1. How long is the stretch 144-241 along each principal axis, judged by its Cα atoms, biggest number first, in Å?
2. How many nm separate the modelled label positions at residue 156 and residue 298, each set 7 Å beyond the Cα in the direction of the Cβ?
3. Rank 97, 57, 199 by mean-square fluctuation in a GNM of the chain with C-alpha springs under 10 angstrom and give only the top-ranked residue.
4. Below 8 Å, C-alpha to C-alpha, sequence gap of six or more: please give me the relative contact order for the chain in percent.
5. Just check the stretch 277-382 against the gyration tensor rule for me: Cα atoms, a ≥ b ≥ c as the square roots of the eigenvalues, rounded for a/c under 1.5, and otherwise prolate or oblate depending on whether a/b exceeds b/c.
6. Residue 186 to residue 16: FRET efficiency via 1/(1 + (r/R0)^6), r the Cβ-Cβ distance, R0 35 Å, to the nearest 0.05?
7. Note down the relative contact order for the stretch 50-179 as a percent, whole number, built from C-alpha pairs under 8 angstrom at least six residues apart.
8. In whole percent, what relative contact order does the stretch 205-359 give with Cα contacts below 8 Å and a gap of six or more residues?
Ligand code: ADP
């Protein structure tokens with residue numbers, strides 16, 4: 001797996017019981033996954049020779065992030081390396097402009113969008129919107145969401161801008177910029193599926209994901225009060241995208257649920273994803289194991305939940321108190337709590353771990369998970 005973050009760390013964890021040998025390409029020995037994997041190649045994933053050195057002897061290579069240059073992956077593929085998902089699929093997770101164009105061509109519902117050239121063009125985009133100049137609080141179609149087409153993650157590379165002055169900032173990076181209408185959504189959902197080269201695919205229950213400042217904070221599986229029709233529609237949409245794009249492995253389709261009961265696609269991620277962490281403790285087969293099975297073209301495991309409700313809450317870096325005393329409190333308070341820490345240095349706002357609780361009573365499960373995450377973060381002390 002290329003990338004030494006927590007996704008690789010958890011994928012490695014899933015590889016162990018399968019007896020699958022796992023090699024890592026990581027930046028440093030201190031990366032979250034480097035700390036636990038014994039076969040680590042250190043180097044830069046943007047360097048073709050490093051990639052070649054890493055891939056030599058691997059049956060298949062896959063990813064913990066989307067940032068490996070597409071042209072290097074094409075070269076590796078041409079040299080006989082099994083790259084899964086392949087570059088022709090992965091490019092739609094790497095470049096938001098290409099992703100939107102592809103989804104348009106498939107008739108997949110998305111927010112209104114187009115590439116924009118500069119701040120004045122953003123204003124034109126804003127005014128093109130339906131009802132843009134008719135609302136009472138006329139802001140000329142603003143706010144608008146701007147995204148750099150490449151290189152963003154966890155809300156980096158995403159701006160919500162209120163006027164043309166603010167709209168200038170994203171262009172400074174020199175990367176193409178995509179404008180989107182700001183969707184007035186009810187909530188965010190994710191439809192996670194896994195597909196193998198064989199064409200077998202499984203769909204996890206659609207989950208609700210709660211984001212703050214572009215970072216996922218909490219995931220509830222399955223999404224509460226989601227109609228069976230909309231859930232099935234979202235799963236079918238994700239399976240169709242996985243098939244049409246010929247994706248191998250885990251695909252997370254991030255969705256907005258609109259006030260009129262539809263879903264719009266926000267983002268695609270072709271790797272294990274934060275929206276699927278609940279599945280480690282909450283599903284028969286985790287997203288990580290199914291991703292590994294898929295890239296090895298093995299039959300996929302059952303994605304169904306083991307309990308009525310599973311809630312996952314991320315532990316973000318904060319004013320960490322002593323970790324050990326936090327463990328004493330959390331473990332003593334709640335023997336059913338599942339703790340997953342990633343071995344990362346604490347930096348404010350950084351994802352350093354997650355906790356999971358499952359059971360029959362959603363309110364109880366959610367309170368326990370939130371409490372543990374807040375305690376581990378140091379937000380509360382009793
Ligand atoms: P990233 O690549 O950082 O994950 P996303 O495109 O998923 O970026 O955007 C991050 C968050 O910003 C989303 O989860 C959502 O909360 C908000 N967002 C993104 N696009 C829109 C939009 N068109 N309308 C409203 N909110 C949006």
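1. So the extents along the principal axes, rounded to whole Å, are 46, 34, 21.
2. Once both label points are built, they end up 3.4 nm from each other.
3. Greatest mean-square fluctuation among the candidates belongs to 57.
4. Details: 806 pairs, mean separation 48.9, N = 382.
Computed value for the chain: 13 percent relative contact order.
5. Values: a/c = 2.82, a/b = 1.54, b/c = 1.83.
Oblate.
6. Working: r = 40 Å, r/R0 = 1.14.
With R0 = 35 Å, the Cβ-Cβ based efficiency is 0.30.
7. Details: 167 pairs, mean separation 26.9, N = 130.
Relative contact order of the stretch 50-179: 21 percent.
8. Numbers: 251 pairs, mean separation 31.0, N = 155.
That works out to 20 percent.
Every read-out reported here was derived from the displayed coordinates using simple, explicitly stated rules and does not represent laboratory data. Small disclaimer: the values here were computed from a predicted structure and weren't measured. FYI the Cβ positions are ideal-geometry reconstructions off the backbone, even for glycines, and counts take in every protein chain you see.
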